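Working notes, structure below.
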Amino acid sequence: MNKKLLVVLAVVGYIGTIVLANWMTTTFGLVGLPLTGLAVTAGTFAAGLALVLRDSVQTTAGKWVVLAAIITGCAVSYLIADPFIAYASAIAFLFSELVDMAVFTPLRGRNLAAAVLASSVVSAPIDTVLFLHIAGFGVTWQAVLGQFIVKTGLAALVALWLTTRKR
């Protein structure tokens, strides 16, 4: 695939998942995670994809493009979602992205799948706790654990795909 097209798709996908996560959370709020007794914000599934896509954007376009994409995604979210949700999302994504970069960047050259998974395991709780607190959902163990499971589960699926793809 053309490198420029890959960059555009990664950036647009990343921005889109940020906007979708904020719209879903604004529209549906906190929802139960089936069969677990845990809770997640409705946008957790899209946010989990965003956490993985940002690694793709960093790999293809660089760190500054990731930060610009976060700002763009949150600015668009501000227009279509609750502005307070967009604000909470911006703060949570920016802080968790800095942590993600600190883990992902040194690992990606050695083992991309491990870098994706490790950076998500470390950044997902930061994203979750900051977002829940700032957005006013409450930082409960059910919400933190539920979102951690969804976000790192998505990262694990991507890591597994990366591992099997190379064979």
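Given the condition within 22 Å of LEU145 (Cα to Cα) and not hydroxyl-bearing (Ser, Thr, Tyr), answer yes or no: does some residue in the stretch 68-85 qualify?
yes
Could you tell me whether LEU51 is under 17 Å from the mean Cα position of the chain (by Cα), modelled with pLDDT under 90 and buried (at least 18 other Cβ atoms within 10 Å of the Cβ)?
Values: under 17 Å from the mean Cα position of the chain (by Cα): yes; modelled with pLDDT under 90: yes; buried (at least 18 other Cβ atoms within 10 Å of the Cβ): yes.
So LEU51 fits the description; yes.
Looking at THR41, THR27, can you tell me which residue is open to solvent by 60 Å² or more (accessible area, probe 1.4 Å) and over 12 Å from the mean Cα position of the chain (by Cα)?
THR27
Spot the failing condition for TRP64; the list is (1) surrounded by fewer than 19 Cβ atoms within 10 Å (Cβ to Cβ); (2) within 17 Å of GLY146 (Cβ to Cβ); (3) modelled with pLDDT of 90 or more, and only one is missed.
(2)
Can you tell me which residue within the stretch 146-167, out of those that are modelled with pLDDT under 85 and of a type outside the set (A, V, I, L, M), is farthest from THR44 (Cα to Cα)?
ARG167
Just to check your reading of the model, which residue among ALA90, ALA114, ALA86, ALA124 is small (Gly, Ala, Ser), surrounded by fewer than 19 Cβ atoms within 10 Å (Cβ to Cβ), assigned to a helix (DSSP H, G or I) and touching a residue at least 12 places away in the same chain (Cβ under 8 Å)? Full working, then the answer.
Working: ALA90 fails: surrounded by fewer than 19 Cβ atoms within 10 Å (Cβ to Cβ); ALA86 fails: surrounded by fewer than 19 Cβ atoms within 10 Å (Cβ to Cβ); ALA124 fails: surrounded by fewer than 19 Cβ atoms within 10 Å (Cβ to Cβ).
Just a single option satisfies the conditions, and that option is ALA114.
Starting from residues that are more than 11 Å from VAL52 (Cβ to Cβ) and among the charged types (D, E, K, R), keep the ones in the stretch 130-167 and report whichever is surrounded by the fewest Cβ atoms within 10 Å (Cβ to Cβ).
ARG167
Name the one entry in THR60, THR36, THR26 that is over 17 Å from ALA124 (Cα atoms), in a loop (DSSP other than H, G, I, E, B) and touching a residue at least 40 places away in the same chain (Cβ under 8 Å).
On the way: THR60 fails: in a loop (DSSP other than H, G, I, E, B); THR26 fails: in a loop (DSSP other than H, G, I, E, B).
Only one candidate qualifies: THR36.
With the structure loaded, tell me whether PHE95 is of a type outside the set (Gly, Ala, Ser), over 18 Å from VAL158 (Cβ atoms) and open to solvent by 20 Å² or more (accessible area, probe 1.4 Å) or whether it fails that test. Full working, then the answer.
Values: of a type outside the set (Gly, Ala, Ser): yes; over 18 Å from VAL158 (Cβ atoms): yes; open to solvent by 20 Å² or more (accessible area, probe 1.4 Å): yes.
So PHE95 fits the description; yes.
The values are calculated or read from the model by the stated rules, or taken from the named source; none is laboratory data. All values derive from a computational prediction rather than experimental measurement. FYI the Cβ positions are ideal-geometry reconstructions off the backbone, even for glycines, and counts take in every protein chain you see. In case anyone asks, the SASA skips ligands and DNA or RNA and just uses the protein heavy atoms, side chains included. Shrake-Rupley method; radii C 1.70, N 1.55, O 1.52, S 1.80 Å.
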